[in-house]
Amino acid sequence: MAFEGETVRGKVVKEMRQIAIYGKGGIGKSTIASNLSAALHEMGHTVMQVGCDPKRDSTRILAGGKLIPAVLEEHREQLRVGKDEYAIKLDHIVFQSPGGIYLVEAGGPEPGVGCAGRGVLTALQILKDLNAFETYKIDVAIYDVLGDVVCGGFSMPIREGFAKEIYLVCSGGFMSIYAANNIARAVQRLAKRGDTGLAGIICNSNGDEAFEHAVIPAFARKLGTPFVRFVPRSPVIQACEMEGRAVVEHAPGSKEAEVFRNLASAIMENDSRVIPTPVNALAELENMYRQHHVKR
């Protein structure tokens, strides 16, 4: 972990930024997280991306389209041979992308056994106990967290202080906004316990851009948090994902690459952390959604 006054890659930094990306499954959290990590790395930051989803596919784009071994897989192997988690070596669970970004996948329990969210906490605790952030001198950690159901386990990156800044990813689909509002409820409860807070909303477009440019900022205002950036639906982003490459690496001169550079800059300049004010009544959320549909 980088501390105030320390020089990292030629820059003096204050503290490791710990950023969590939450959102409905399938909304594009991993695409946003991976391209954000790549853009931050391009800016000169030492970045670690931690996938907190049992599917362990968060870092696939950065790893050249491959799935890397998961922390919990290594943990189970150590237990199988009669050792404990402290026998795990960092180089067995922390990998580097071809571009130099540090990659970790928490993984999950065996199918049908145990709590996936609790497994995420185990993986994060192992990273902490092994001093992974200090060892690799990380100055930005990105946590890509499953967010359909904010159970106790998947709230652990917030609850245990691993993530200080929470960004919600949503599109113009109602269920996406509904899920983001539920996550904001969890942040509201947990943010009261420390200095963690909701830092903003990122729109990952589903293609209905005119509507999304209206409804997502309106939703952000409801939550009392900034609307950070709009990421368009683009064949360039999709093509880069198919190639297993981040946009700033595979299409560095594209307008889409500039979108992610601007997103990275906006996040690094953002010091907003609020206790959100989620919409408590479903009817109110539905009315907001319908009003913007009518205005089109």
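What follows is calculated from the coordinates using simple rules that are stated; it is not laboratory data. Note that this is a predicted model, so its numbers are computed, not measured. In this analysis, Cβ positions are derived from the backbone assuming ideal geometry, glycine residues included, and neighbour counts consider all displayed protein chains.
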| task | Go through 25-31, 221-227 and give me the packing order, highest mean Cβ count within 10 Å leading. | result | 25-31, 221-227
| query | How many percent of the alpha carbon pairs in the range 9-295 exceed a separation of 24 Å? | reply | 48
| message | Using only the alpha-carbon atoms, what does the range 184-275 span along each of its principal axes? Please give whole angstrom values in decreasing order. | response | 42, 28, 21
| said: Quick check on the range 9-295: of the DSSP beta bridges with both residues there, what percent are antiparallel, nearest 5%? | reply: 10
| Roughly speaking, what is the stretch gain from D271 to D91, that is 0.36 nm per residue apart minus the C-alpha to C-alpha distance, in nm to one decimal? | 61.5 nm
| Of the cross-linked pairs K55/K255; K164/K255; K24/K66; K137/K222; K29/K255, which ones have a Cα-Cα span greater than 26 Å in the structure shown? | K55/K255; K164/K255; K137/K222
